[in-house]
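Structure, as structure tokens:
We did not get these values from a lab; they are worked out from the coordinates using the rules stated. As the structure is a prediction and not an experimental result, all values here were calculated from the model. Note that we place each Cβ from the backbone using ideal geometry, even for glycine, and neighbour counts take in every protein chain shown.
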Amino acid sequence: MDERRRLDYLGAMGVDVWVPRHAKANAVERPEETAFGAPAPGQAAPSTVSPPVRAAAPEVVLNPVAPQPVESGPVELDLPDGASSPDPARMDWDALETAVSGCRACGLCETRANTVFGVGNRNADLLIIGEAPGADEDRAGEPFVGRAGRLLNRMLAAIGLAREEVYIANVLKCRPPGNRDPRPEEAKQCEAYLMRQIELLGPRAILCVGRVAAQHILQTDAPLGSLRGRWLAFRAGAIPLRVTYHPAYLLRSPAQKVKAWEDLVEVARRLREGCGEAIDQGNDKDQSD
Ligand code: URA
């Protein structure tokens with residue numbers, strides 16, 4: 001791998017790397033703005049992903065987390081006027097967004113300021129799934145707009161993707177008070193919305209950020225450390241899924257940014273090179289979110 005590009009990627013993710021003086025002398029200066037996500041004025045965001053590629057891992061068919069059938073029936077929705085069908089599975093994007101905005105299927109509707117449907121390119125190749133809106137997202141009605149969101153943007157920029165090029169959604173569309181973990185019954189009520197978003201989007205890859213999103217999507221209690229570092233399959237197995245650390249966790253534990261970077265590079269490689277079988281790169285047993 002090109003050393004300068006590796007350093008650029010790590011720098012873009014906020015990882016400080018010691019660089020020998022002679023290497024620094026050879027390094028090409030990049031404006032910080034560009035390295036951290038926002039394209040320089042007049043410069044288009046990169047549309048193709050071309051991260052450095054690690055040594056080839058053996059390609060094996062793998063479905064290490066046995067996909068569970070989704071047993072939830074149609075969610076009981078208290079739908080607003082204008083929703084075209086009470087069944088999210090038959091809604092188009094706009095009807096789905098309208099249904100979410102008026103959803104009163106669980107108690108979170110009492111405390112939310114705004115629903116947080118999702119944001120981004122509805123034809124995106126990459127879907128990023130987080131846990132639930134926090135205070136900033138609740139105020140803005142948009143996922144990942146706080147500090148963690150800004151880091152997520154930089155992580156995406158590190159693999160050449162602008163936030164606008166991907167689609168970002170959460171397991172929950174409403175903020176749990178005090179940022180507590182989503183409750184199973186809340187996630188179940190919201191599930192049909194996310195499932196329909198995935199169906200409408202048809203992404204080529206899914207990136208789950210954080211333990212809560214990963215466990216919910218994969219229907220498993222396995223710790224995050226055992227889920228990341230390899231390709232998994234979304235439910236029926238059609239969509240390759242990768243798990244990485246939640247940006248909020250990375251803000252608290254910056255040392256883990258190197259592993260998150262490895263995850264992102266692998267996602268970028270998969271998007272760039274197209275399909276292939278799932279890849280098992282071994283286990284990482286640390287437990288963190
Ligand atoms: N954390 C999440 O998981 N999602 C958000 O939208 C914001 C923070």
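Given R₀ = 22 Å, what would the calculated FRET efficiency be for Thr111 paired with Gln219, taking r from the Cβ atoms and rounding to 0.05? Working shown, then result.
Values: r = 27 Å, r/R0 = 1.22.
It comes out at approximately 0.25.
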Contour minus Cα-Cα span, Asp181 to Trp93, at 0.36 nm per residue, comes to 29.0 nm
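Of the trypsin sites (Lys or Arg not before Pro) in segment 110-160, which ones lie in a loop per DSSP and count no more than 16 other C-beta atoms within 10 Å? Please report the intermediate quantities before stating the final value.
Numbers: sites: Arg112, Arg122, Arg139, Arg147, Arg150, Arg154; in loops: Arg112, Arg122.
Here the trypsin sites (Lys or Arg not before Pro) that fit, given the DSSP loop and packing criteria, are Arg122.
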Under the Karplus relation 6.51 cos²θ - 1.76 cosθ + 1.60, θ = phi - 60°, what is the ordered set of whole-Hz ³J(HN,Hα) values for segment 86-101, x standing for Gly and Pro?
-> x, 9, x, 5, 10, 7, 8, 3, 5, 5, 5, 5, 5, 4, 5, 5
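Give me the Å³ per residue figure for the convex hull around the C-alpha atoms of segment 117-259. Kindly include the intermediate steps, with their values, before the conclusion.
On the way: hull volume 15.0 nm³, N = 143.
Per-residue hull volume (Cα only) is 105 Å³.
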What order do you get for Lys173, Lys188 when you list them from fewest to most C-beta neighbours inside 10 Å?
-> Lys188, Lys173
